[in-house]
Structures are given as C-alpha cells and as structure tokens.
Amino acid sequence: MTWKRTISAKALEKAGHAAVKVDDKVIFIANVNGTLYGMDAVCSHARCILGELDSGNLTVKCPCHHAVFNLKTGEMLEPPYVAKDAPKEKLGLKTYQVRDNGGWIEVDV
Ligand code: FES
C-alpha cells in the first residue's frame, strides 16, 4: 500500500469529484454522500479524461464518445459511441482505495 495525498477533503466535498494527478497517473476521485471512490480518469478507449459523474447511478461518462464506467468497479457499462463498423470492446478501468486522512484525500496507488 502506498497512500498518496491529493486534494483537501473540503475541496473534494465542494466539487463532488475531481481528476487528480498522482505520480504518472490521472485518477478520478469522487465523494458521493460521504463515500469516497477512485478510478483511473483516462478513458480506456482513446484516452480522454473522464468527467461526467452520475452520483445517483455511481457511473462516470466519458465526454468524448460517451462510454460509461461503473465508479465502484471500473467496469465499462456502455461502449464508446463510434462509427458503426468500429470495434466496440468493453475495456474497464482500474479502481483505487481512497481515504480522508486528517482532511486530505489520499489514494492508494
Ligand atoms: S475516449 Fe472515452 S469513449 Fe472514446
């Protein structure tokens, strides 16, 4: 386990979610009703940064081609919306443990 400090818990609570750089990764972190989540923020399709959180369904949609990921598991629930004949692999994303440590959000990388 290697916990890395990201942003303040207050900032995450205010924003609801954020994409934070941790070493060589960009990680999508979210605070949904007090529960913290972490998942790779770089889309497995064409590397856009994820950003559209649906806190009710715990899903995140990619702004580029609208693939949808399960925030808890990283599973791709909806494939990218691309040309009809393009391959539509459902490639999931890695998830991370996230904690509030004294007012700072930390991610286990
Ligand atoms: S880059 Fe995310 S769906 Fe295409």
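Here, each number is a calculation from the coordinates, and none is a lab measurement. Worth saying up front: this structure is predicted, and the values here are computed from it rather than measured. Neighbour counts are summed over all protein chains in view; Cβ atoms, including those assigned to glycine, are modelled from backbone coordinates with ideal geometry.
In this model, which of Lys4/Lys90; Lys61/Lys88; Lys14/Lys88; Lys21/Lys94; Lys4/Lys94 are farther than 24 Å apart at the alpha-carbon? Check vs 24 Å cut-off fails for Lys4/Lys90; Lys14/Lys88. Under a model in which nothing but the beta-carbon of Lys, Arg (+1) and Asp, Glu (-1) is charged, the chain shows a dipole of about 120 debye around its Cα centre.
Helix-derived [θ] at 222 nm for the chain: sum -39500 (n - 2.57) over DSSP H runs of at least 4, divide by residue count, nearest 500? Walk me through the numbers before you get to the answer.
Working: 1 runs with 7 residues, N = 109.
Rounded to the nearest 500, the figure is -1500 deg cm²/dmol.
Which part of segment 16-48 falls in the paramagnetic zone of Lys94, meaning amide N under 15 Å from the point 7 Å along Cα-to-beta-carbon? Label zone hits: 20-29, 38-44.
Sum up the charges of everything whose Cβ sits under 13 Å from the Cβ of Ser55, counting Lys and Arg as +1 and Asp and Glu as -1, but leave Ser55 out.
Working: positive: Lys61, Lys72; negative: Glu13, Glu52, Asp54.
Every neighbour counted, the sum reads -1.
One chain, two ends: Ala83 and Glu13. Fully extended at 0.36 nm per residue, the span grows by 21.4 nm beyond their Cα-Cα distance.
With r as the distance between the Cβ atoms of Glu52 and Asp23 and R0 = 22 Å, compute the FRET efficiency 1/(1 + (r/R0)^6) and round to 0.05. Show your work: numbers first, answer last.
Values: r = 25 Å, r/R0 = 1.13.
After rounding to 0.05, the efficiency reads 0.30.
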